[in-house]
Amino acid sequence: MPNKPKLGQNFLRDQNAIRRIADALGDLSAQTIVEIGPGQGAITRMLADRAAHVIAIELDRELAPRLRAEFPAHCVTVVEQDVLAFDFAAASAAAGQRLVVAGNLPYYITSPILLKLAASHAALDRAVLMVQREVADRIVGGPGSRDYGLLSVTVQMYGPVTPLFTLPPGAFSPPPDVHSTVFRWRFAPRFTELGVREESFLPFVRKAFAQKRKTLANNLRAAKYEPAAIAAALAGASIPTQARAEELSIPELAALHLQLDKEKAASPGEAAHTG
């Protein structure tokens, strides 16, 4: 069956890679697992053998019926839906447990899916996902590396990420133009630990990383923070005035955010804001 480029379909054929993905998920014998984009069912077959139940979310109207025909409904529930519309919380409640997630994510929609999973973190335990290698490098990047940025901080705020292995284009049919990396994500949000609020910290991080070539102070000035408040917050968080956001660890970014909050509270009449 031909793939549909607009759906980002590159079907995994490497049986060893499929086994490694299943192994990386850990013990599934009592677990409900959600598979994003099962395609022709290559990974689904192994998951169905190992998991208590598989929920396979497939957008393709031709592939979904084929999957239903292959797998018994008591083992695999095929949901013909865009994963961005899927209710992970409801599925978790129905299963009576936090869910495990697996998927070969379509390249064109990787970031929205990651943000959807982050937003659904309370319903999720862990995920093993395959993405374009360059995207994986950004997801797992650490401070000081060229790959570290907004995506790194956003994903890692919801739990630790670990790169597992990389596959060449030949592992897929048809072969994509890029290598693909599999990584594990354990859902354990860090907001409470770091003393920041999700709804204010993530917008702050977006502003901090707005222009990679600019210093952190310049990015914050462009976001309408008061220069005096920026200077005081940098000093209070022991961050050099010429530092760039990509040089700061997540705890350092959180400390700066908290310092800016303090500066705002100390000067309520100023125009500074924390987003």
Open item on the list: Net charge around LEU99, counting only other residues with Cβ within less than 12 Å of its Cβ (Lys, Arg = +1; Asp, Glu = -1)?
Closed with: -1
Task: Solvent-accessible area of THR166 with every protein chain in place, 1.4 Å probe, in Å² to the nearest 10 - done: 60 Å²
TODO: Among GLY142, GLY26, GLY39, determine the one that fluctuates most according to a GNM of the chain built with springs between C-alpha atoms less than 10 Å apart.
DONE: GLY26
Task: Accessible surface of the chain, 1.4 Å probe, proportion on carbon and sulfur as whole % - done: 52 percent
Open item on the list: Please state the shape class of the stretch 117-171: rounded when a/c is under 1.5, otherwise prolate if a/b exceeds b/c and oblate if not, all from the C-alpha gyration tensor.
Closed with: oblate
Task: 222 nm mean residue ellipticity, helices alone, for the chain (DSSP H n ≥ 4; -39,500 (n - 2.57); rounded to 500) - done: -11000 deg cm²/dmol
Task: Amide H within-cut-off set for SER180, under 5 Å, with H built and near neighbours excluded - done: ARG133, LEU167
Task: Positive-end extreme of charge dipole, the chain - chosen from LEU25, SER200, HIS74 (charges on Cβ) - done: SER200
Open item on the list: Could you work out the percent of alpha carbon pairs in the stretch 1-139 separated by over 19 Å, rounded to a whole number?
Closed with: 47 percent
Open item on the list: Restricting to Cα atoms and excluding each atom paired with itself, what does the Kirkwood estimate give for the stretch 130-275 in Å?
Closed with: 16.4 Å
Open item on the list: Could you work out how much longer the chain between ASP23 and LYS262 gets when fully extended? Use 0.36 nm per residue separation minus the Cα distance between them, nm to one decimal.
Closed with: 81.4 nm
Open item on the list: Among ARG126, ARG197, ARG186, which one shows the highest mean-square fluctuation when the chain is modelled as a Gaussian network with alpha-carbon springs under 10 Å?
Closed with: ARG197
- [ ] Give the accessible area for LYS262 in Å² (nearest 10); use a 1.4 Å probe, count only protein heavy atoms, and leave out ligands, DNA and RNA.
- [x] 120 Å²
Task: Relative contact order [Cα under 8 Å, 6+ residues apart], the chain, whole percent - done: 15 percent
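Using Cα pairs under 8 angstrom and six or more residues apart, how large is the relative contact order of the stretch 20-173, in percent? It would help to have the intermediate numbers written out before the result.
Working: 219 pairs, mean separation 29.9, N = 154.
With pairs under 8 Å counted, the relative contact order is 19 percent.
Checking the a/c ratio against 1.5 first, then a/b against b/c, what shape does the Cα gyration tensor give for the stretch 10-60? The partial results should precede the final answer.
Details: a/c = 2.31, a/b = 1.17, b/c = 1.97.
Oblate, because a/c is 1.5 or more while a/b does not exceed b/c.
Ignoring ligands, DNA and RNA, what accessible area per residue does the chain give at 1.4 Å, in Å²? Could you put the intermediate results ahead of the total?
Details: 12420 Å² over 275 residues.
Ligands and nucleic acids excluded, the result is 45 Å² per residue.
Which value, in debye to the nearest 20, gives the size of the charge dipole of the stretch 1-142 about its Cα centre, when Lys and Arg are +1 and Asp and Glu are -1 at the Cβ?
Roughly 180 debye, rounded to the nearest 20.
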Task: Modelled label reach - ALA119, point 7 Å along Cα→Cβ, the stretch 125-145 residues with backbone N closer than 17 Å - done: none
Task: Förster radius 51 Å - calculated FRET efficiency between ASN218 and ARG45 (Cβ-Cβ, nearest 0.05) - done: 0.45
Task: Rounded, prolate or oblate (a/c below 1.5 giving rounded, otherwise prolate when a/b exceeds b/c) for the stretch 33-101 by Cα gyration tensor - done: oblate
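In debye, nearest 20, what is the charge dipole magnitude of the chain about its Cα centre with +1 on Lys and Arg Cβ and -1 on Asp and Glu Cβ, if you could check? Walk me through the numbers on the way to the answer.
Numbers: 30 positive and 27 negative charges, 84 e Å.
Using only the charged Cβ atoms, the result is roughly 400 debye.
The values are calculated or read from the model by the stated rules, or taken from the named source; none is laboratory data. Here the structure is a predicted model, which is why all the values come from computation and not from measurement. Every residue, glycine as well, gets a Cβ built from its backbone with ideal geometry; the counts of neighbours run over all protein chains shown. Note: areas computed on protein heavy atoms with side chains; ligands, DNA, RNA excluded. Shrake-Rupley method; radii C 1.70, N 1.55, O 1.52, S 1.80 Å.
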